[in-house]
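First up is the structure itself, then whatever we jot down about it.
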Amino acid sequence: MKKIILSILLFACTIALFAQSEKYKSAMKDKIAALDTTRDVTTLKDLSASFERIGDAEKTQWLPYYYAALAQVNAGNLIYVSNVSNPAELKNLDPLADKADQMIGKAETLTKDNSEIYAVKKMIGSLRMMVDPMNRYATYGAKAQESLETARKLNPENPRIYLLEGQDKYFTPEQYGGSKAEAKKLFEEALKRFDSFKPATDLDPNWGRTTAQYFLSQIKS
């Protein structure tokens, strides 16, 4: 009888864990899809908060915190594009970078030596630099580049590495090392990597292909 009761309890626990896992996956998939298509700062901040709540509830999953950080960076990039000619507004990027740093730090405690973590760290460094490029490049530009090189070392097949490099070349003035021709090569390389890249799960990072395609469409042959 004890064995029967124990078996029933184990079965019930398995069912409960499975239900929890499916609920987690469903919530994540919906929000990841929204993250890929959202171009609104407030909505991105809300998505970040939602991912953070999922991470706090799950406790052992790194992806919710990763996406929470990415949503903050994406919000910052939108603010930058809208205010590139209004430097006074760019100070608003720092709080977003602070929150992104907090979230990616939590993600990193749950996954070690992860190329995707360092790709987002690179993006956070770039976001901070954009507040005041002339005065911040030496500090945050160097940190961003260091994070990108770590991402490459951990997984040279990660297509987001080449996407981020391409964006750097695209936006950097030629007198400071930028080049649309070099950016084009990097975006093309990113697309090649995307063709062979397979995320570990349906929830793992797989963003960036459409961004690379967009930038390629903006570069004249």
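Where a number appears in this text, it was derived from the coordinates with a stated rule and is not lab data. A quick note: this is a predicted structure, and the numbers were derived from the prediction, not measured. In this analysis, Cβ positions are derived from the backbone assuming ideal geometry, glycine residues included, and neighbour counts consider all displayed protein chains.
Summary table below
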{"quantity": "Cα gyration tensor shape for the range 29-152, rounded if a/c is under 1.5, else prolate or oblate", "calculated": "oblate"}
{"quantity": "Per DSSP, loop GluC sites (Glu not before Pro) in the range 120-221 with at most 13 further Cβ within 10 Å", "calculated": "Glu157"}
{"quantity": "Estimated [θ] at 222 nm from DSSP helical runs (n ≥ 4, -39500 (n - 2.57)) normalised by residues in the chain, nearest 500", "calculated": "-24500 deg cm²/dmol"}
{"quantity": "Qualifying trypsin sites (Lys or Arg not before Pro) for the range 159-221 [loop in DSSP, other Cβ within 10 Å: at most 15]", "calculated": "Lys220"}
{"quantity": "Projected area averaged over orientations for the range 151-221, convex hull of C-alpha atoms, nm²", "calculated": "5.1"}
{"quantity": "Helical segments meeting 15 Å axial Cα length and Kyte-Doolittle -1.0 threshold in the chain (DSSP H)", "calculated": "2-37, 41-58, 63-83, 93-108, 115-129, 142-154, 159-171, 180-196"}
{"quantity": "Cleavage-rule hits, trypsin sites (Lys or Arg not before Pro), the range 32-70, DSSP coil, Cβ neighbours within 10 Å at most 13", "calculated": "Arg39, Lys59"}
{"quantity": "Label-point separation, Glu182 to Asp132 (7 Å along Cα→Cβ), nm", "calculated": "2.7"}
{"quantity": "Residue-count net charge about Val73 - beta-carbon cut-off 11 Å; Lys, Arg +1, Asp, Glu -1", "calculated": "+3"}
{"quantity": "The chain: C-alpha pair distances exceeding 22 Å, %", "calculated": "55"}
{"quantity": "Reach of Lys91 by Cα under 14 Å, taken over aspartates and glutamates that are not fewer than 8 positions away in the same chain", "calculated": "Asp132"}
{"quantity": "Proxy reagent accessibility, fewest Cβ within 10 Å first, across Thr109, Thr139", "calculated": "Thr109, Thr139"}
